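Working notes, beginning with the structure itself.
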Amino acid sequence: MHRCLSPVIAAALPLVAAAVFLLTAAAPAHAETGDAPAYDARLSTYDYPYEVRTFEFESQGQSFEMAYMNVAPTGEPNERTVLLLHGKNFSGAYWADTIEELAASGYRVIAPDQIGFGRSTKPAHYQFTFQALASNTKALLDELGLEQVDVVGHSMGGMLATRFALMFPETTEHLALVNPIGLYDWKLHVPYQTIDDWYRSELKKTPEGVKKYMTQSYFDGVWKSAYEPLVTIQQGWIRGPDYERIAWNSALAY
């Protein structure tokens, strides 16, 4: 990774621009809120925009499956790879349009679902530190034989991207943060709650509440129909058979 932050950001600006512009539409199209289906913990009936593969590995004495998309360039290959790290309320699927644009520009793209998210394993017990998630992600890259990547992280993914770059500077060629909450301690602004408190809070969520929260937190209070796919997974999990496990994993990840 470059030693000076400014060149890193400058070199990564095309990645940031693509991600910012495309994230609001970067998810597969699904039914409107009222007709959203119910999903199980592994999203077995949810359509990802690209083929989903599975990386099996061991962590903290447990066996896990990390789901990920590995998309080859569709344009003239530039011999570079972009690693996309999703936010807390999302999965790798919402990078759909970003992946398409990057692939067309010659990039290979890796978009994993972190443990506890998307199609990956939802453990009953796990220490969700950014160090652990970064190590898991590095293990995936090692499995794929990737020695250097350009790292792009959104929201919580920005926090993970920052930690990844600090832990693995030799792997991080460029670092780009979208809505970069990774550069400060968010806990300074959020009152402490126990995992049990977070769990009870997660269990109270409703499909309508998810839409309201995302409207306020992600879309500046203005809802558009184009955002509908971005709430589909959360709403479907609430309707689904495994929501207690989903809520527990969300609580563990705070």
Sort through Glu101, Glu58, Glu51 and tell me the only one that's under 28 Å from Thr215 (Cα atoms) and over 13 Å from the mean Cα position of the chain (by Cα). Glu101
Residue in segment 111-127 that is farthest from the chain's Cα centre (by Cα), counting only those that are of a type in the set (A, V, I, L, M) and buried (at least 22 other Cβ atoms within 10 Å of the Cβ): Ile115
Condition check for Ala103: assigned to a loop (DSSP other than H, G, I, E, B), surrounded by fewer than 22 Cβ atoms within 10 Å (Cβ to Cβ) and either modelled with pLDDT of 95 or more or not basic (Lys, Arg) (or both): no
Scan segment 57-78 for residues that are part of a loop (DSSP other than H, G, I, E, B) and either touching a Gly at 6+ places or on another chain (Cβ under 8 Å) or closer than 15 Å to Val152 by Cα (or both) and jot them down. Pro73, Gly75, Glu76, Pro77, Asn78
Among (1) more than 25 Å from Leu230 (Cβ to Cβ); (2) in a loop (DSSP other than H, G, I, E, B), which single condition is Arg119 missing? (1)
Residue pairs within 9 Å by beta carbon, gap of at least six or interchain, first lying in segment 154-170 and more than 11 Å from Lys138 (Cα to Cα) and without any contact (Cβ under 8 Å) to a residue 40 or more places away in the chain, second aromatic (Phe, Trp, Tyr) and part of a helix (DSSP H, G or I), listed first then second, are Met159/Phe130; Met159/Trp186; Thr162/Phe130; Arg163/Phe130
Subset of segment 142-157 [buried (at least 21 other Cβ atoms within 10 Å of the Cβ), modelled with pLDDT of 95 or more and within 22 Å of Ile115 (Cβ to Cβ)]: Val149, Val151, Val152, Gly153, His154, Gly157
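The values are calculated or read from the model by the stated rules, or taken from the named source; none is laboratory data. The structure presented is a predicted model; accordingly, all values stated were derived computationally and were not measured. Because the Cβ atoms are built from the backbone with ideal geometry, glycine has one as well, and the counts that use them run over all protein chains shown.
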